[in-house]
Amino acid sequence: MRHHRKTLTLALGLGIALATVLGTASAAQAQYAPGYYPPPPPPPPPPRGVYRSGVIFGGGVGVGGFWYSECGDLCGFALSGELHIGGMIAPRLALMGDFWEGFHPFSNDAYNGSGTTYNGIYTLAAQYWPTDNLWLKGGIGFGHLSIDSDAGTLDDSGFAFMLAAGIELFQAYNYAMDLQLRYANATYNGAGSDSAGDTNMFTVMLGFNWY
């Protein structure tokens, strides 16, 4: 009887041990079976900053002024606006048309009465980003000066160039808002004393750009 019990106990122990080994092997096999691998890691986040490609366009508004020799009340403080459209020709270089206009209201001028002086600078410009959020721009084209007053209208045109620099204060995937400083010079050579001659224009501007 004792021998039978001892045999039964030994058989039961072997059965438990065998079941444990088989269970461990099954768990290990299930861990590496198809469909049981851990999920892949999430994709990396998109790069920070703005992505510039293809067509670009935008505009800006600001304050500044323009002056020419002996302009009196016809020049001085001016409100400004600009529009630009073009395309990226390299990862950090764009070519565009840049259209910048300033206007100066005046009143009680001795010869012209009241009116508004407009000075526009229209150039083919290249814009380059030496860093991710700093850009430099330069362009050549022509300027157009118009004085619309009680005494009549004066128009003059001439060669002009433009220089600008800006820093992008806010960047999204295809949008940037910048603070920029602009300077332009136009040479007007109209007949007689009506010509404005050498005219300088400055503006501090807040710009909005889409890429």
Task: Check on residue 82, within 30 Å of residue 197 (Cβ to Cβ) and either at pLDDT below 55 or assigned to a strand (DSSP E or B) (or both) - done: yes
Task: Tally, over region 121-132, of residues that are modelled with pLDDT of 95 or more and either within 15 Å of residue 211 (Cβ to Cβ) or in contact with a Leu (Cβ under 6 Å, 6 or more places away or on another chain) (or both) - done: 4
Open item on the list: Exactly one of these conditions fails for residue 127: (1) open to solvent by 30 Å² or more (accessible area, probe 1.4 Å); (2) over 15 Å from residue 66 (Cβ atoms). Give me its number.
Closed with: (1)
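Residue-wise test of (1) among the acidic types (Asp, Glu); (2) touching an Asp or Glu at 6+ places or on another chain (Cβ under 6 Å).
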| residue | (1), (2) |
| --- | --- |
| 131 | no, no |
| 136 | no, no |
| 146 | no, yes |
| 156 | yes, no |
| 164 | no, no |
| 168 | yes, yes |
| 177 | no, no |
| 190 | no, yes |
| 204 | no, no |
TODO: Could you tell me which residue of region 83-92 is nearest to the chain's Cα centre (by Cα), considering only residues that are open to solvent by less than 60 Å² (accessible area, probe 1.4 Å) and more than 14 Å from residue 124 (Cβ to Cβ)?
DONE: 88
Open item on the list: Quick check on this structure: which one of 120, 143 is touching a Phe, Trp or Tyr at 6+ places or on another chain (Cβ under 9 Å), open to solvent by less than 20 Å² (accessible area, probe 1.4 Å) and touching a residue at least 40 places away in the same chain (Cβ under 8 Å)?
Closed with: 143
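So, of the residues in region 74-117 that are among the hydroxyl-bearing types (Ser, Thr, Tyr) and touching a residue at least 40 places away in the same chain (Cβ under 8 Å), which turns out to be nearest to residue 50 (Cα to Cα)?
First, pick out the residues of region 74-117 that are among the hydroxyl-bearing types (Ser, Thr, Tyr): 80, 107, 111, 114, 116-117.
Next cut, touching a residue at least 40 places away in the same chain (Cβ under 8 Å) only: 80, 111, 117.
Numbers: 80: 26, 111: 51, 117: 38 Å.
That would be 80.
The values are calculated or read from the model by the stated rules, or taken from the named source; none is laboratory data. Predicted model only: the values in this text are computed from it and were never measured. All Cβ positions, glycine included, derive from the backbone under ideal geometry; neighbour counts span all protein chains shown. Accessible surface areas use protein heavy atoms only, side chains included; no ligands, DNA or RNA. Shrake-Rupley method; radii C 1.70, N 1.55, O 1.52, S 1.80 Å.
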